[in-house]
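This report refers to the structure that appears directly beneath it.
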Amino acid sequence: MNIESLTKIVSELEPLAEHIDYILNIAKPSVEIELVDEPATADCSRFGGHPFVPPDLKLPELEIGEYRFLGQINFAEITDSPSILPKYGLLSLFYLYDKNGEVFWGDDGYVLGFYWEDLQHHIVMRFNEEIPETKRIKLTTGLNLPRSQELKNDYPFNEESADCFFEELPEQIDAKDEYLLGYPSFNTLGYDPTPGTEWISLLTVHSIEEFDWCWHDGDRLMVFIEADKLANKDFSNLKCDAG
């Protein structure tokens, strides 16, 4: 979704038309993620499967659980990428998993991020045996709007406008459940999960059965990064929430 499409949709929704300037002003750049039925290569953007990493990469070994491959983003695949994202290079993400459900997504190190610009010596590496098949993802630059009233404190909407904004508008713009940047999206939380003013949303994904993802009883995982570290391509300190 681009600015022209958003403008057209909002202007045609009567409860929101008078707030069009406000809505356009709070829209944030994002990269929508779509699972596609196309062959996945080792270095492409994808979820699941085995990661494409340097042969000497070692993940922390913990008694409570093991790290599993969440997915990877090849930034070179993003056309007209938001300026804060790298223009090329590969980001691999791993999450901590345990069969007994003792791991908490709010703990430090729940999601680990590794970024490389040079992929010349990378290999497809097996860290775990019981993992789902990989699925290629398509990355499309767009705009993202908040889907929960907890994310802002200055909404100008009355009840009718609010219902339209949070319920009808996402359907009209075909808002994706998986995306980079934008606002965090959640189902059950009663607060803004962003860790602080210096943090921004990096990745939002919902529970997907085929990848054995179940965040907070079927809700969404939100991964955050400090804005200055993202600008410096530093993914070493990520925080998470789910709900």
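Every number in this text was worked out from the coordinates using simple rules, so none of it is lab data. The shown structure was predicted, so the numbers you read here are calculated from the model rather than taken from an experiment. Here Cβ is always computed from backbone atoms with ideal geometry, including for glycine, and neighbour counts include all displayed protein chains.
What does the convex hull of the Cα atoms of the range 3-242 come to per residue, in Å³, rounded to a whole number? Can you show the working numbers first?
Details: hull volume 31.4 nm³, N = 240.
Roughly 131 Å³ of hull volume per residue.
Could you list, in their original order, any pairs among K8/K229; K58/K233; K28/K99; K8/K239 whose Cα atoms are separated by more than 32 Å? Walk me through the numbers on the way to the answer.
Numbers: K8/K229 35 Å; K58/K233 20 Å; K28/K99 37 Å; K8/K239 36 Å.
Pairs exceeding 32 Å: K8/K229; K28/K99; K8/K239.
Using Cβ counts within 10 Å as a stand-in for footprinting exposure, how do W215, W199 rank, fewest first?
Numbers: W215 21, W199 18.
Starting with the residue having the fewest Cβ neighbours, the order is W199, W215.
Work out which GluC sites (Glu not before Pro) in the chain are exposed loop sites (DSSP not H, G, I, E or B, at most 16 other Cβ within 10 Å) and give the longest gap free of them. Walk me through the numbers on the way to the answer.
Numbers: sites that count: E12, E18, E61, E63, E102, E117, E129, E130, E133, E198.
No qualifying site falls inside 134-197, the longest such stretch.
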